[in-house]
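These notes are about the structure you will find just below.
Here, each number is a calculation from the coordinates, and none is a lab measurement. Predicted model only: the values in this text are computed from it and were never measured. Every residue, glycine among them, receives a Cβ derived from its backbone with ideal geometry; neighbour counts consider all protein chains shown.
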Amino acid sequence: MKKILVLALVAGMFATSTVSAQQDKSKRASPPAVVKETLNSGTVVTIDYSQPSVKGRTIGKEIAPFGKVWRTGANEATIFEVSKAVKVDGKALAAGKYSLHSIPGEKEWTLIFNKKWQKPGTEYSEAEDALKIKVKPVKAASFTEKMTFTVNKSGKVALVWGDISVPFTVK
């Protein structure tokens, strides 16, 4: 009886540590990141994402392929949240949470704000799109290994990764 109890206890500890390890996002190859900024307008912009690394690959080919819908990050869907209704590059977006997808391109990226934000990163349905904008990528000031979002108080947002920057504004 004692052996069964000890085995059950050990199995329970193993199961608990396995679940804890699965929930610890900091141990992933693409670590989690959150950027949160209160704009001059009082709107809070939050981007919750995982940071894929370039690792010697070419953006547009081996990672984030040009012309295909991409989850704009790694692991779960990237979540873009605004506390008030805003204009993203001049187009209206209601207050709320959105998954952020994109269609990368050499000369133009399409950023997609999708109404369904609680989902795996690879799941996408165009029928759930709230907004699409087209933006021009530019050469980044310096190489950034891990994909990073920046937001400043004036509403300038940029996805910076490798040697590219994909800028847009939130007002």
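Given +1 on the Cβ of Lys and Arg, -1 on the Cβ of Asp and Glu, and no further charges, what dipole in debye does the range 28-169 carry about its Cα centre, rounded to the nearest 20?
160
Can you pick out the pairs among K55/K116; K97/K153; K61/K153 whose Cα atoms lie more than 24 Å from each other?
K55/K116; K61/K153
Going toward the positive end of the dipole of the range 26-96, with +1 on Lys and Arg Cβ and -1 on Asp and Glu Cβ, which of A77, A92, I59 do you reach last?
The listed residue farthest towards the positive side: I59.
Using the Cα centre as the reference, give the magnitude of the dipole from point charges on the C-beta atoms of the range 100-171 (Lys, Arg: +1; Asp, Glu: -1; all else neutral), rounded to the nearest 20 debye.
That gives the range 100-171 a dipole magnitude of about 360 debye.
If we count other beta carbons within 10 Å of each Cβ, what is the order of R71, R57, fewest first?
Listed from fewest to most nearby Cβ atoms, that is R57, R71.
Name the shape class, rounded, prolate or oblate, that the alpha-carbon gyration tensor gives for the range 73-135, where a ≥ b ≥ c are the square roots of its eigenvalues, rounded holds for a/c under 1.5, and otherwise prolate holds if a/b is larger than b/c and oblate otherwise.
Here the range 73-135 falls in the oblate category.
For T72, T169, T144, which order do you get if you count the other beta carbons within 10 Å of each Cβ and list the fewest first?
Details: T72 27, T169 16, T144 19.
Ordered by Cβ neighbours within 10 Å, fewest first: T169, T144, T72.
Less than 18 Å from a label point 7 Å out along the Cα-to-Cβ axis of K97: which backbone N atoms in the range 126-165 qualify, by residue?
128-131, by backbone N distance to the label point.
Please work out whether the range 34-114 counts as rounded, prolate or oblate from its C-alpha gyration tensor, where a ≥ b ≥ c are the square roots of the eigenvalues and a/c under 1.5 means rounded, while otherwise a/b larger than b/c means prolate and anything else oblate? Can you show the working numbers first?
Details: a/c = 2.43, a/b = 1.75, b/c = 1.39.
Prolate shape, in that a/c is at least 1.5 and a/b is the bigger ratio.
Return K116, K68 ranked ascending by Cβ neighbour count within 10 Å, so the fewest neighbours appear first.
Fewest to most other Cβ atoms nearby, the residues stand as K68, K116.
Convex hull over the alpha-carbon atoms of the range 63-171: what's its volume per residue in Å³? Mind dumping the intermediate values first?
Values: hull volume 10.7 nm³, N = 109.
Per residue, the Cα convex hull of the range 63-171 comes to 98 Å³.
Setting aside same-chain residues fewer than 8 positions from K136, which aspartates and glutamates have a Cα under 19 Å from its Cα?
Filter leaves D89, E106, E108, D163.
Between K116 and residues 5 or more places away or on another chain, which pairs have amide H atoms under 5 Å apart, with H built 1.01 Å from N, and which residues are they?
S99
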